[in-house]
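Only one structure is covered here, and it is reproduced in the block below.
Where a number appears in this text, it was derived from the coordinates with a stated rule and is not lab data. Just so it is clear, the structure is predicted and the values come from calculations on it, not from any experiment. With ideal geometry, Cβ positions are generated from the backbone for all residues, glycine too; neighbour counts draw on all protein chains shown.
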């Protein structure tokens with residue numbers, strides 16, 4: 001493989017406490033050196049002057065929809081969107097058709113990713129067979145096949161005994177149970193956050209306690225079993241408080257928050273925009289501020305997109321019939337940087353850690369670092385790059401985002417996976433295409 005020398009960029013690598021102007025040398029798909037004034041006569045040079053060089057972003061929560069809903073997204077289009085967003089490693093959710101709940105599903109994903117994927121795809125498998133909440137899957141076999149986590153995402157693991165057994169078994173393999181903490185009985189047929197906006201719109205609300213009661217249960221079960229409970233897409237202040245208390249008590253609990261929960265509150269639904277209909281729902285401004293506080297103090301470990309593509313036909317239904325979810329891979333960094341780092345609320349290095357080293361730590365993969373010898377997965381960002389979000393600029397197969405028409409700032413301009421430049425200034429490079 002050819003050598004690549006990234007010159008003059010501002011390198012931010014939280015895993016190695018690097019935050020300075022440096023060069024990065026890539027050789028044979030690995031990081032060969034990080035330092036000042038590196039030279040290599042036989043290397044292709046990429047001038048990153050004025051740009052920031054980060055480890056490749058890692059996303060713990062991506063719906064690729066394949067197999068079964070290729071009309072919404074595919075491994076090809078989903079990994080193209082990931083590359084455009086600077087994500088070089090993603091964890092795919094198992095709520096496909098059929099559900100990824102056995103070895104054949106993992107084998108299919110790995111084969112399809114080798115054929116069509118542009119970035120690293122780490123599969124999560126289902127906690128229960130068919131995600132029906134009745135019988136746990138074969139955790140050991142699925143881990144051996146490559147599963148890095150287990151989740152019934154899209155559904156909460158409602159049965160506490162099932163969750164207990166799942167945490168006990170997965171503790172032996174040191175992988176997390178990622179739970180969609182949303183009590184189905186309390187949520188019922190709710191549409192948006194229960195509060196002022198739901199009353200104004202006449203829509204049935206989803207109370208924040210539908211999340212917090214399950215968060216409390218999962219933390220208690222993690223303490224009892226010694227397992228690793230990971231709370232997906234945290235949305236409520238009380239959930240953050242419970243996770244903080246659990247961490248202080250030494251319980252193995254981690255958590256993620258989405259860019260849209262950091263950037264928006266329930267008022268985004270005031271115009272009945274179905275693209276703002278997500279699960280869990282966008283909450284109050286007080287909840288949003290608590291999420292930011294939790295991210296800042298380490299209560300929330302990870303920023304994860306919950307990239308959830310849906311077709312125009314699905315999202316063009318009336319609000320009560322439209323599905324929950326929005327896409328997020330391509331806008332994630334710009335949203336988080338604009339809401340947090342650009343406003344001085346969070347150091348850039350901390351934000352990068354929440355997108356790199358921290359998610360890699362949760363699922364125990366050797367990613368999210370520019371350490372010498374590590375895979376050369378690199379994201380190069382122009383903090384001044386402005387882009388109007390439109391169907392023409394998005395690489396995802398679906399366009400369900402409330403940010404259509406908005407201009408955001410701070411985007412990846414180069415994405416490198418395994419030492420290979422796959423994305424450059426808005427385009428997937430032809431050499432990178434399957």
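Translational diffusion coefficient of the stretch 96-182 at 25 °C, 0.890 mPa s, Stokes-Einstein with Kirkwood Rh over Cα pairs, in µm²/s as a whole number.
For the chosen part, D equals 189 µm²/s.
Please give, to one decimal in nm, the separation of the simple spin-label points placed at residue 429 and residue 107, each 7 Å out from Cα toward the Cβ.
Label at residue 429, label at residue 107, 3.5 nm between them.
Sorting 261, 188 on the 10 Å Cβ count, fewest up front, what's the list?
188, 261
Using alpha carbons only, how many angstrom separate the centre of the stretch 296-317 from the centre of the stretch 118-133?
17 Å
What is the stretch 271-351's relative contact order, in percent, from Cα pairs under 8 angstrom and six or more apart in sequence? Could you put the intermediate results ahead of the total?
Details: 64 pairs, mean separation 26.6, N = 81.
This gives 33 percent for the stretch 271-351.
Using only Cα atoms, figure out Rg for the stretch 173-323 and give it as a multiple of 2.2 N^0.38 Å.
1.04
State the antiparallel share, in %, of DSSP beta bridges confined to the chain, rounding to the nearest 5.
Details: 33 of 63 bridges.
Expressed as a percentage, antiparallel bridges in the chain total about 50.
Note down the relative contact order for the chain as a percent, whole number, built from C-alpha pairs under 8 angstrom at least six residues apart.
20 percent
Quick one: the Cα spread of the stretch 266-382 along its three principal axes, in angstroms, biggest first?
52, 30, 28
Measuring from centroid to centroid over Cα atoms, what is the spacing of the stretch 325-344 and the stretch 65-94 in Å?
Distance between centres, Cα-based: 19 Å.
Counting other C-beta atoms within 10 Å, which of 209, 93, 22 has the fewest, and how do the rest follow?
Details: 209 16, 93 28, 22 23.
By the 10 Å Cβ count, ascending: 209, 22, 93.
Provide, in order from the shortest bin, the percent of all Cα-Cα pairs of the stretch 56-362 in each 10 Å bin, continuing until the bin that contains the maximum pair distance.
For the stretch 56-362, the binned pair fractions read 7, 29, 38, 23, 3, 0 percent.
Run the helix sum for the chain: -39,500 (n - 2.57) per DSSP H stretch of 4+ residues, divided by residue count, reported at 222 nm to the nearest 500 deg cm²/dmol.
Working: 14 runs with 122 residues, N = 434.
After summing the helix terms and dividing by the residues of the chain, the value is -8000 deg cm²/dmol.
Pick from 205, 117, 384: which residue has the top mean-square fluctuation in a GNM of the chain where Cα pairs under 10 Å get a spring?
In the Gaussian network model the winner is 384.
I'd like the distance separating the alpha-carbon centroids of the stretch 1-59 and the stretch 217-271, in whole Å.
Between the Cα centre of the stretch 1-59 and that of the stretch 217-271, the gap is 34 Å.
Would you order 287, 183, 28 from fewest to most other beta-carbon atoms within 10 Å of each residue's own beta-carbon?
Ascending Cβ contact count within 10 Å gives the list 28, 183, 287.
Of 185, 193, 275, which has the largest mean-square fluctuation in a 10 Å C-alpha GNM of the chain?
Answer for the Gaussian network model of the chain: 185.
Length gain on complete extension for the stretch residue 345 to residue 267, per 0.36 nm per residue less the alpha carbon to alpha carbon distance?
Details: separation 78, 0.36 × 78 = 28.08 nm, distance 2.20 nm.
This chain segment gains 25.9 nm when fully extended.
Of 297, 19, 152, which has the largest mean-square fluctuation in a 10 Å C-alpha GNM of the chain?
297
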